[in-house]
Structures are given as structure tokens and as C-alpha cells.
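A short write-up of the structure that comes next.
Values quoted throughout were computed directly from the atomic coordinates according to the rules given, and no laboratory measurement underlies them. Remember, predicted model here, so these are calculated numbers, not experimental data. In this analysis, Cβ positions are derived from the backbone assuming ideal geometry, glycine residues included, and neighbour counts consider all displayed protein chains.
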There are 2 protein chains.
Amino acid sequence: MQSPVALIPQLAAHIVAAGGKRLRPLLTLAAAKLAGYRDGQRHVALAACVEFIHTATLLHDDVVDESALRRGQASANALFGNKPSVLVGDFLFARAFQVMVEDGSLDVLRILAEASATIAEGEVLQLITQNDTSTTEAQYLAVIEGKTAALFAAATEVGAIVADCGPARQAALRSYGHNLGVAFQLIDDALDYSAAQEALGKTVGDDFREGKITLPVLLAFQRGDAAERAFWRRTLEERAQAEDDLPRAIALMQKHAAFADTVGRARHYGQVALDALEAFPDGAERRALAGIVEFCISRAR
Amino acid sequence: MQSPVALIPQLAAHIVAAGGKRLRPLLTLAAAKLAGYRDGQRHVALAACVEFIHTATLLHDDVVDESALRRGQASANALFGNKPSVLVGDFLFARAFQVMVEDGSLDVLRILAEASATIAEGEVLQLITQNDTSTTEAQYLAVIEGKTAALFAAATEVGAIVADCGPARQAALRSYGHNLGVAFQLIDDALDYSAAQEALGKTVGDDFREGKITLPVLLAFQRGDAAERAFWRRTLEERAQAEDDLPRAIALMQKHAAFADTVGRARHYGQVALDALEAFPDGAERRALAGIVEFCISRAR
């Protein structure tokens, strides 16, 4: 994060110090260990690259979403303005590639460059589906595969690359990361309508206020009658929201089991992730990665 | 620019179709030829990478500057909104790295990753100096070396890399690009206060309205008396501008030869760029690159 332009480390330090689970770099570290990487420190530098790319996307997301809060604190754009947030995002993105070049693996560069392009595609697709209740579950899945699962998959695959564990185990770790990422985002999207969210220090209903079409909404909309669909169109498409609309949205989701079924979909992807780990012998590292699946899904309880 | 998310090629095509001089990719092509590259097509793909990085920065710049126009047409942010502009910038940036990975040279990746980080640093530094009349000429130079010269230098150095012309000529081409880039930006900043700008289809006074501290301003401010400095502080720091302030600013620049001396500084860097070309024997390619220096400076006439 170092730069002679002091605002860059200041702004970057703000978002890094604000916390977060550091889930993605942890995946790179754990995947490298599970894949048999023992002596070097490459996984540490590359885990930092993964987190830098993630942080860059968060900075840009908060500008795009006009978010005032990130991780329970003032967002970088709220504190420093949109302009430095966009530019420091660009800086962190470039720095990530500089660190990868120093590492010297074209495979790693290929995986993370592709993930970066896919993230942007997913974010644009999310913009297009925003406020559109005719979004299909397939489109929603494409959004979260792009904006979230792509970097999870890249994070674990990079661990496989540094361990040089062969194509089958590399594919297994990639599959684990991808499916974990889909499960993670499904739970995230369910939590946005859940009281459990408040226990995690986040506000409930952000997606609702922005008109994001996530799976709990899709399920409640598809299973709803004409009056309910009119409610979703008014609140999410026309964005005409009154004070008691969020409680009503949550009640409709409960009525149609939209929340429980979103968690159910997440369990499906979590199970695929767990099965991918069967490519590796049982042991502390495999149990740790299996535990991450459980952790992600249990957030919704 | 291809993507299944149709908005991405649409937005990217808009900014590409809007024109521009394509100066940076041209530098990569010409540098590769001058350095002796004859048979391959690597320079074409890498020239596209250079233009993609440039286009990504333009998309982000226009969001950061809230520009309504780019190359005489509606800017992408004005037409498509800030959100897709930020994200398609990210996409093009990632695509550039994907194409570089396909090319396979870690040297090229290193040069363009470093240039990308330096551009972001220069842009942040520009934000910091904006509206600050105490900015020094050294700070201004650091801004334009970052935001402009870094990519010019990288563009020509990449040409040297594909030609594998050895460290001395590689350094010469890098120096040519860097000094040309500084000269180019100096002229650009002078043009913003010049009637010649209108002949190029651009509006005069954009920098003045935004309170950008460029060399013509710096020189007029430093050479001005107390009343003149108060004028610059009011218009650029406090941004309290009346209708006849731009003509007055231009008159003050003429009074203090700020415009002519900015062009003079550009000539200095242009001469350094020309001297760097002396590392190569005379010929059509060297004369073409020398001609670019003359073209850049002659824009101010």
C-alpha cells in the first residue's frame, strides 16, 4: 500500500483497518497448505494480491452503490470522497499485478486477471438486473458467480498453483472455491433481510432500498400473487418505498419460505464444495476448509 | 472488448468510436519497428493493451472529473452513468492484463503494471493539488509524469521489449516516451487556455473551471502581483468564478508569458526526447518518432 502520495496509504489503511473476515486471502493460504505447499512464502504474497483485488472492488462498489457504510464504519468514499476511492482502487489493482509479476507465475497472473475481468462483468450484470423484477434465477446466479465466486475460485486455485499439485487437485480446489463463493453470496443476500444481520453489525435492508434483485426477492416475487408482485414492482422497480415496506417485504419472504429456501440453495453449493475436498486426504487442513463452508452457511442462523 | 454482458462492449465501443489520436498504441508500434522488430504481431496486441489501459483511465477520469464531454462527444458517464463507466474501466484494465498474459512476457507485465500504479498515483496527486495555488512546479511535474508520461514511457519501452533490442536502446526508448509524455501534457495544459484548442474541437477553460493547477496558472500566479494572486485564489481555490474571469485569466497569462513559457518547457522535454532517439540510426522509423514530438508541440500553434 506504500506510496509517496500519502493519501493512498491513508485511504487504503482506512478500509483495511475497518476489518472484514479476510476470507479470500485465508482461502489462498489454506488451499496452498492443503495442496502440499510447505516451505516457501509465495502463498502469503499472493494471498495479499487476492485481498488487494477484493479491496479495489469494494472501493469501486461503494462508489457505484453510493454506500455510506462499509464494515460498520464510514466508507472510504463517504470519508475521502468518490474521486480518491476510484483512484486508490485502481492503484491497489495495479499493485496486485505488480506483486504477481514479482512472484513470476504466468498461471497466477492468468487466473487473477481473468477473475478480475469476470468480477467486473458480474458487477455490470448486477447493474442491469437492478430494479428489474423480471430477472431470472439464472441471471441472478450469473451475477453472483461473477461478482463473488470468481475471486473465491481464483483464490483457492492460486493456492493450488504455488503447491504445483497437478491438474486434478487444482480443478478440485477451484471447484471448492467457486461453490463456496456462490454459497457465501447466497447467505449474504439472505442475511440482508434477516435479524441475524444486525447481530453481525450490519444494517438490514440495504439491498431492498437499492432495489437489488437477489434470490430471496426472486423467490418471494415468483411465489407471490398479483397484489404481492405489485408490491415488489412498486418498491424495487419504481423505488417508491414507505417506512413499513421493509417489514412487509420480510413478512412476504417468510410467508413464501424465500429466506429458508435461499439458505437451502446455499447448502447445495456448500455440499458441492465439500465434495470437491474429497480429492484430498482427510487432515487438519481439509477439515479447516470444510469448516469454512459450515462457517459461511451458519452466518444465516 | 467482447463480453456476454452486452453493456460492456456497447460502452467500450462508444469511447473507442469517439476517436482520439491513438497516440499511445502508435508509440508501441513505432518503437517496436525502430527497435528492429520485423516479423511478429506481438506489438499489435500489446499496443491494444496500452490503449485499453489508457481508455480505462479515461473512463475513470471522466467519472472523477464529472466530465460531460470526451473527444467532442457525450462522455460515457454522461451517456451510460457513472456506475457502468467505473466498472467497464475495471473490465478493460483486467482485459489488458489478460492479453499481456497471453503474450507471455513478464517484462511487459512488469512495465505496464508499474505504469498503471504510477498513473493512479499521479491522478491522486492531481486531486490533492487541485484548487491549491501554493502547488509548486515540482509537484505539478510529478502529477504529469504520473498521469501522462508513465504510460507514454511504458508504451515505447514495451516496443523495445518485443524487439529484444538490449538495455541501452530499451532505456533510450523509455526516455523518449517519458519526455514526449511530459511535453505532450504541458502542451495539453497550455491548450486549455488557448484559442487553438477550439480549432481542435475542444472547449477552452475546462481546467480553469475545475480549479486544476497547471503550469500556465502556476507561472501567472508566481509572476503576478498581490491583486492578481487574489484573483487566482478566488477563482481557483474558492472557485467563485464570474463570466469574465476566464478571459481575465487568459489575459494575465499573456501578460506574464505563461502560455509561451509553458510551450518553452514543452520544447525542452521534446528536445530531450529527440536526443534519446540518437541511440538509433537515422531512417524512416526514427524520423516518424521525431515527427511525433514536432506534432505534439505544434498543436499549441
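Size descriptors for the protein assembly as shown: radius of gyration and Dmax over Cα atoms are 26.1, 80 Å. For the residue pairs A:LYS147/B:LYS83; A:LYS83/B:LYS212; A:LYS21/A:LYS83, alpha carbon separations beyond 18 Å are given by A:LYS21/A:LYS83.
Each residue, A:ALA260 and B:GLN10, gets one label point 7 Å from its Cα in the Cβ direction; the gap between the two is 4.1 nm. Modelled this way, with points 7 Å down the Cα-to-C-beta line, the labels at B:ARG71 and A:ALA227 are 5.5 nm from one another.
Count, for each residue of A:5-17, the Cβ atoms from other chains sitting within 10 Å of its Cβ, then give me the mean as a whole number.
Numbers: counts 12, 3, 5, 5, 0, 0, 1, 0, 0, 0, 0, 0, 0.
Per residue, the average neighbour count from other chains is 2.
Each label point was placed 7 Å from the Cα along the Cα-to-Cβ direction; for A:GLN271 and A:GLN41 their separation is 4.4 nm.
Taking R0 as 30 Å, what FRET efficiency do you get between B:ALA18 and B:ASP164 from their Cβ-Cβ distance, rounded to the nearest 0.05? Intermediate results must be reported in sequence, preceding the final value.
Details: r = 35 Å, r/R0 = 1.18.
According to the calculation, E is roughly 0.25.
Of the residues B:LEU127, B:GLN185, B:VAL272, the one whose Cα sits farthest toward the positive end of the charge dipole of region B:7-298, with +1 on the Cβ of Lys and Arg and -1 on the Cβ of Asp and Glu, is B:VAL272.
The ellipsoid equivalent to the alpha-carbon distribution of region B:7-298 has semi-axes of 33, 23, 15 angstrom, derived from the gyration tensor eigenvalues as √(5λ) and listed largest first.
Between the helical axis of B:245-255 and the dominant principal axis of chain B, each derived from Cα atoms, what acute angle in degrees is found, rounded to the nearest 10? On a 0 to 90 degree scale, this one is about 80. Kirkwood hydrodynamic radius computed over region A:61-183 comes to 16.1 Å, based on all pairs of distinct alpha carbons. Under the criterion of Cα pairs below 8 Å and six or more residues apart, the relative contact order for region A:7-298 equals 20 percent.
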